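One structure below.
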Amino acid sequence: MTLPKVVIVGRPNVGKSSLFNWLCGRRMAIVDPTAGVTRDWMSAEIDADDEELETPFQFTLIDTGGMGILDSDNLTDDVEHQIQTAIDMADVILFVVDAKEGILSLDEHVANKIRRLQIPVLCVVNKTDHIGLENHANDFFSFGWDLISVSAKENRGRIELLNFIFEHLPEESRVQDEPEESIDDMMKIAIVGRRNVGKSTFVNTLVKFPRMIVSNVAGTTRDSVNVKFELDGKPFIAVDTPGFRRRVSVRTNIDYYGTHRAQRSIRFADVTLMFFDASQQISKVDKQLVGYIMEQNKPCIFVVNKWDLMREHMNTEVWADYLRDTFPTMWHVPIAFITGQTGKNVKLLLHHAQMLYRQANARVSTSRLNKLVRAALTYNPPPLYRLSRPKIYYATQVGTLPPTVVLFCNNPDMFPPTYRRYLLSVLRDQLDFGEVPIKLYFRKREKDDNRDDIDSKLSETTRQAKLEAQEEERRRELEEWSMAQEYYANKIQTELAQLNAEDKKLLEEDGNPEFLEDFNAAADGSQTFSEGQAAFEEEFLDGDESFFDDEYEDEFEDDFDLSDETFRALKGSVFVFEDEPLPEEKPKKKTGKSNPKGKGKNKGKGKKKK
């Protein structure tokens, strides 16, 4: 259900932003004596449920810029357009004036402008800090509207003002029930970056109308503005923030407040979109801002805007590598390339932001977490610390946004930063936290806490892992041995086939058809050994067995030496005899000069006789 809208208008420096913060109950708008601080209108949902109220109700309060002032950056027309846009959707107008300064010409100018409206107008006399100023407030009855005196600074008249607003709300716009979904339940997206990277243009593309002032002037947006929009029927909150500046460049209070409002938006956001200009290099301001996002452990997406200017000159991989090299500790952050002015890839970006939001809200059971940590310790045990083994007893997830994991151990100092980063990488790789930051804490287990779900099972797990590794190694060796056997068997068959082919070719060249026929029969296996022997005896011996008599033995012995030594010498390169002793090395002859004292000693001895 749409809440009624109450719009605050008035000339500059009458306390509109102070009144807005006062009714909201927190500092949302920048308050500064400088005229024209507020440019874009801001809104907040007010849940008026104070005990002093007659009827609790809800409404949307809208703060606008000062009417009738010349902006220092020539943005007067844009500011006036923002004010008129807020007035057009108002259900009640709060016309704020200053009790101390009285009626001025700009007050009359604002009154004449809103007098034509067909909606209720309440004249709120601000800065009525004490009773003595209430007489000055009576002068504003001349405008012809209902009057109420308040003081945002001194906290005077808040309950009366809320009752006053409820009485003047139209009957059809009064909401007394709880809204279907409050702002706290909506996903909040902070849009941050340095100046002129296209943040406000991106917000206007989301809401599909000129919600924010867009110009080439650096620092156009001065305050963090919450903008509500819907995507696929689901409401979201986009927070447009001022452009960040270097710390040395922050000179005025407005710049200081704007920077702190942007940092506060990052702290309270669910997902942060870090904008970069595709046509410019990454600056020191970008590095400082990314460092602050990393300190706050916020889910983040690197958004390269204005990609239409660079798509013809550069590939996306080049810019992605540039970001990875510049921010090596943010390697898990996704990167998106969009064109905010045309809406290119904007919907895909928002869908990815929702996925990060779901990852940041994910929870893991304690049993699964303990099993994963035990596997990480088994695969890569932590190093010894002063000859002591670090132990982790159990792990548990204690929070979300971001996911927070606590490891209970024997001593947190035993785990070096490198090993902590290793555990973070394992958690991010194996769980549903792939693209979001994770908080990992090490706590010492209490003395009365005997729980041990990891270390007690670690030795058993390690033994089982070793057995599995040994079995795997044995299986691998058997496979290699089988493959080697098959390889050499095929090789032997191939070589034998080649030898048979060469022998057959030689026989064909000799021209002996009968012997060639016997060779083919033996090669085909059609002739047995006994048949071959009988054929040999019939061919060459002709029944004469004296061929094997002793008279031929001397002839063989004179021509061939078939002793063991000769056989081994001839076939040693093929066969290996394991029982063969190694040959003894011959003693080396001594070289060098002889001993001069031994000259002539034993002279004549050692000569060999002929």
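The values are calculated or read from the model by the stated rules, or taken from the named source; none is laboratory data. Source: prediction; values computed, not measured. As a convention, Cβ positions derive from the backbone with ideal geometry for all residues, glycine included, and neighbour counts pool all protein chains shown. The area values use the complete protein model at the heavy-atom level, side chains included, leaving out ligands, DNA and RNA. Shrake-Rupley method; radii C 1.70, N 1.55, O 1.52, S 1.80 Å.
Some values worked out for this structure:
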quantity: Distance in nm between pseudo-label sites at Asn500 and Asp413 (7 Å out along the Cβ direction from Cα); calculated: 8.0 nm
quantity: Where Rh is the Kirkwood radius over Cα pairs, Rg/Rh for segment 327-402; calculated: 1.18
quantity: Computed log₁₀ I(q)/I(0) - Debye formula, equal Cα scatterers, no solvent, segment 12-116, q 0.12, 0.13 Å⁻¹; calculated: -0.44, -0.51
quantity: Accessible heavy-atom area order of Met355, Met310, Met274, highest first, probe of 1.4 Å; calculated: Met355, Met310, Met274
quantity: At R0 = 30 Å, FRET efficiency that the Cβ-Cβ distance of His81 and Arg116 yields, to 0.05; calculated: 0.95
quantity: Accessible surface of segment 45-129 [probe 1.4 Å, protein heavy atoms]: carbon and sulfur percent; calculated: 44 percent
quantity: Computed FRET value (nearest 0.05) for Thr326 with Tyr379, which takes r as the C-beta separation and R₀ as 45 Å; calculated: 0.90
quantity: Rough spin-label spacing in nm, given labels placed 7 Å along Cα→Cβ, for Asn155 and Asp308; calculated: 5.1 nm
quantity: Cβ-derived FRET efficiency at R0 45 Å, Arg26 paired with Ser365, nearest 0.05; calculated: 0.75
quantity: Solvent-accessible surface (1.4 angstrom probe) belonging to Arg363, in square angstrom, nearest 10; calculated: 150 Å²
quantity: Farthest positive-ward along segment 191-319 dipole, Cα basis, beta-carbon charges - from Pro242, Tyr257, Gln288; calculated: Tyr257
quantity: Environment charge at Val346 (Cβ cut-off 15 Å; Lys +1, Arg +1, Asp -1, Glu -1); calculated: +2
quantity: Of all accessible heavy-atom area on segment 371-500, the percent that carbon and sulfur account for (1.4 Å); calculated: 51 percent
quantity: Linear extension gain, Phe209 paired with Arg246, 0.36 nm per residue minus alpha-carbon span; calculated: 10.2 nm
quantity: Distance (nanometres) between label positions extended 7 Å along Cα→Cβ at Trp481 and Asn135; calculated: 11.4 nm
quantity: Rounded accessible area of Tyr257 (nearest 10 Å², 1.4 Å probe); calculated: 70 Å²
quantity: Summed side-chain charge close to Lys284 - residues other than Lys284 whose Cβ falls under 11 Å, Lys, Arg +1, Asp, Glu -1; calculated: +4
quantity: Principal axis box of segment 231-356, alpha-carbon based, largest edge first, Å; calculated: 41, 37, 28
quantity: Within-13-Å neighbourhood charge of Asn370 [Cβ basis; K, R +1; D, E -1]; calculated: +2
quantity: Segment 32-139, dipole about Cα centre (Lys/Arg Cβ +1, Asp/Glu Cβ -1), debye to the nearest 20; calculated: 560 debye
quantity: Only Lys, Arg (+1) and Asp, Glu (-1) charged, at Cβ; segment 31-89 dipole about Cα centre in debye; calculated: 340 debye
quantity: Percent of C-alpha pairs per 10 Å bin, segment 106-160, short to long; calculated: 23, 50, 26, 2
quantity: Given charges at beta-carbon only (K, R positive; D, E negative), |dipole| of segment 380-498 in Debye; calculated: 800 debye
